[in-house]
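K.L.:
Shown below is the structure under consideration.
Bear in mind that the values in this text are calculations on the coordinates, not laboratory data. It should be emphasised that the depicted structure is a prediction, and the values quoted were computed from it without experimental measurement. Here Cβ is always computed from backbone atoms with ideal geometry, including for glycine, and neighbour counts include all displayed protein chains.
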């Protein structure tokens, strides 16, 4: 990943600068409220009447003369059909599937390539699940591919800056470096040695970016040393009111003979005169929203799905276009790398088998998950309204 030095600002949320009125019975049989969410997603407000300044009037037959169409023409309002309405939203509410879940502004829409990929997959999936010879195992294969589609969502890449450990803002977002401790929340110790901090995140900042209430305060994730393999991480949230610069405690001394699962050379330079030999990483800001999706095989490359495709009745051009889009989306929406929210490529588990990821790691920047990746997940506690966070990782 290329680290960016500049701090970027997130785009403003869409404003409903356009209005639309849907009148009469639509050819598809859908209700006008079926279009409410898709219209809002592209910044168009659904209204009930024709007025001066209205952007669109939707009629079953735009050429039919009605009281509303005559009023619209007189006011200079554009009269359109239902098919043109669907083109405005770039989404078809007739699919029956829930809209793609994305992080960031609730009004962010998936990229057009992914929308087309999703539509083609629905057509392929519908063809497969209606084949008489499909059994429970075959349905599991189909669901596995569907889960890749459902897991796709937006992420925010951290904009990292290498700094001397002594220059890190220990009250801010830190990746693999010295983080905040105080008397009430001292540095955790394992087997007599200070645990290794892998990340600190300001939950208020995360909540704002993800448009979800994750709470406030500092989320901290520590792991043990080389023996961390197979063991749980130590995770805590320091309440916002406890985070005070005046109460900051010094970073403990790390035994240089101890090997860590994550790079801690930065901790061995804290007492050096310049402290620049092994820098730590500060998360300065986050990128604009980036769409991410898990890897998918081209149809026919997966042996199990290939068997199902021999039973299909779809034209070859549908399969060919779908395969072309998989390659295009895999390149543009790669889920690898470090990012806040988003998704990840499956190895020993898939995104559908875990709660939503808060932060995704790869084996770089001093991290070593073997030949794999790691994630911090979040979910509501069963007996509490507070969020629960946990770390998991997998490798080939």
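K.L.:
Separation between the residue 18 and residue 70 pseudo-spin-labels, each 7 Å from Cα along Cα→Cβ, expressed in nm?
P.N.:
2.8
K.L.:
Run the simple label-point estimate for residue 336 and residue 169 please: 7 Å along Cα→C-beta, distance reported in nm.
P.N.:
A separation of 3.1 nm, rounded to one decimal place.
K.L.:
Could you order peptides 261-267, 235-241, 194-200, 160-166 by the average number of other Cβ atoms within 10 Å of their residues, highest first? Spell out each step's value before the answer.
P.N.:
On the way: 261-267: 20.6, 235-241: 14.9, 194-200: 24.4, 160-166: 18.4.
With the highest mean Cβ count within 10 Å placed first, the list reads 194-200, 261-267, 160-166, 235-241.
K.L.:
Just to verify a number: FRET efficiency for residue 240 and residue 40, C-beta to C-beta distance, R0 = 56 Å, to 0.05? Don't jump to the answer; show the numbers that get you there.
P.N.:
Values: r = 33 Å, r/R0 = 0.58.
Efficiency for this residue pair is about 0.95.
K.L.:
Quick check: pseudo-label points 7 Å beyond the Cα along Cα→Cβ at residue 248 and residue 183, how many nm apart are they?
P.N.:
The answer from the label model is 1.9 nm.
K.L.:
For the peptides 362-370, 37-45, what is the packing order when you average, over each peptide's residues, the other Cβ atoms within 10 Å and list the highest mean first?
P.N.:
37-45, 362-370
K.L.:
For the peptides 49-56, 205-212, what is the packing order when you average, over each peptide's residues, the other Cβ atoms within 10 Å and list the highest mean first?
P.N.:
On the way: 49-56: 14.2, 205-212: 17.4.
The densest-packed peptide leads the list: 205-212, 49-56.
K.L.:
Which order results if 123, 183 are arranged by neighbouring Cβ count within 10 Å, fewest first?
P.N.:
Details: 123 13, 183 8.
Taking fewest neighbouring Cβ atoms as first place, the list is 183, 123.
K.L.:
At R0 = 30 Å, how high is the FRET efficiency between residue 112 and residue 33 if r is their beta carbon distance? Nearest 0.05 is fine. The partial results should precede the final answer.
P.N.:
On the way: r = 25 Å, r/R0 = 0.83.
That pair, residue 112 with residue 33, gives E of 0.75.
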